[in-house]
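So the structure is just underneath, and the comments pick up after that.
Read the figures in this text as sums done on the coordinates, not as results from a lab. Values in this document were obtained by computation on a predicted structure and should not be read as measured data. Every residue, glycine among them, receives a Cβ derived from its backbone with ideal geometry; neighbour counts consider all protein chains shown.
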Amino acid sequence: MNTQRPYIFLFKITLFSFILSVLPFNEIILDVSPFWMLLLYTYWLVYFPAKGSLFIALILGSLLDILQGDILGQNALALILASIFINNVKQSFRVSNLSTQQVYVFTSSGIYLTFYFLTHLLMHGINVNYYLLLAPLTGAILWPVVRFSLAKCRHQ
């Protein structure tokens with residue numbers, strides 16, 4: 001992929017993220033699976049120069065809310081706040097080793113999960129699925145696979 005066209009690459013990984021988000025799996029697997037949009041968008045934020053990243057996070061989060069049938073703004077708010085964290089550590093993220101990058105991904109997934117839970121708690125009350133607490137861990141574990149796969153796609 002030509003690095004001169006970051007928005008085309010974003011469009012492709014967004015479509016891939018939407019496909020991964022709606023695949024029919026067992027309920028436990030769906031709850032434990034990472035936040036795909038956050039993982040792929042994190043790669044794009046770190047390795048592509050772009051302007052308006054928070055606005056893009058708002059649009060992507062809103063599209064994800066519509067696709068999953070969630071409260072409008074729930075994923076958008078969580079994605080924006082996780083993106084702010086990634087933007088703050090972007091320079092360090094880029095030059096860090098893989099295990100440090102996994103810590104950054106775990107932290108951003110934790111931020112995402114926190115605000116996702118808070119919004120869910122305010123709207124629906126205490127109706128928590130505890131398997132969802134493993135999503136940041138699976139995101140951090142799968143980060144090397146995502147990073148190397150997208151790096152291969154980027155340089156084709």
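Does anyone have the angle between helix 53-68 and the longest principal axis of the chain? Alpha-carbon axes, 0 to 90°, nearest 10?
40 degrees
Please sort 100-106, 17-23 by packing, taking for each peptide the average over its residues of neighbouring beta carbons within 10 angstrom, highest first.
Sorting 100-106, 17-23 by mean packing, highest first, produces 100-106, 17-23.
Once every DSSP H run of n ≥ 4 in the chain is given -39500 (n - 2.57) and the sum is divided by its residues, what mean residue ellipticity at 222 nm do you get, rounded to the nearest 500 deg cm²/dmol? List each step's numbers first, then the result.
Numbers: 8 runs with 119 residues, N = 156.
Calculated mean residue ellipticity at 222 nm is -25000 deg cm²/dmol.
Quick check: residue separation of F117 and I28 times 0.36 nm, minus the Cα distance between them. What number comes out in nm?
Here the segment from F117 to I28 would lengthen by 30.3 nm.
Once you put a point 7 Å from the Cα of K152 and another 7 Å from the Cα of L54, both along the Cβ direction, what distance in nm separates them?
3.6 nm
Per residue of the stretch 130-147, what does 6.51 cos²θ - 1.76 cosθ + 1.60 with θ = phi - 60° give for ³J(HN,Hα)? Whole Hz please, x for Gly and Pro, Karplus curve as stated.
Ordered by residue, 3J(HN,Hα) equals 6, 5, 5, 5, 7, 4, x, 5, 5, x, 5, 5, 7, 4, x, 5, 4, 4 Hz.
Mind checking which of F16, L54, A151 is farthest towards the positive end of the stretch 6-154's charge dipole, using Cβ charges of +1 (Lys, Arg) and -1 (Asp, Glu) about the Cα centre?
The listed residue farthest towards the positive side: A151.
Ratio to report: Rg/Rh of the stretch 1-136, with Cα atoms as the point set and Rh obtained by the Kirkwood method; give two decimals.
Rg divided by Rh gives 0.96.
Taking the Cα atoms only, what angle lies between the long axis of helix 74-88 and the longest principal axis of the chain, rounded to 10 degrees?
40 degrees
Quick check: the angle from helix 98-124's long axis to the longest principal axis of the chain, C-alpha only, nearest 10 degrees?
30 degrees
At R0 = 22 Å, how high is the FRET efficiency between R5 and F85 if r is their beta carbon distance? Nearest 0.05 is fine. Before the final figure, lay out each step's value.
Working: r = 26 Å, r/R0 = 1.19.
FRET efficiency, R5 to F85: 0.25.
Mind checking which of Y116, Q102, L133 is farthest towards the positive end of the chain's charge dipole, using Cβ charges of +1 (Lys, Arg) and -1 (Asp, Glu) about the Cα centre?
Farthest towards the positive end: Q102.
Note the full-extension length gain between L72 and L15 as 0.36 nm times their separation in residues minus their Cα-Cα distance, in nm to one decimal.
Taking L72 through L15 to full extension adds about 18.6 nm, to one decimal.
Can you give the Rg/Rh ratio of the stretch 53-111, where Rg is from the C-alpha atoms and Rh is the Kirkwood radius? Each step should come with its number before you reach the end.
On the way: Rg = 12.7 Å, Rh = 12.0 Å.
A ratio of 1.06.
What's the magnitude of the charge dipole for the stretch 6-154 around its Cα centre, counting Lys and Arg as +1 and Asp and Glu as -1 at the beta-carbon? Answer in Debye, nearest 20.
700 debye
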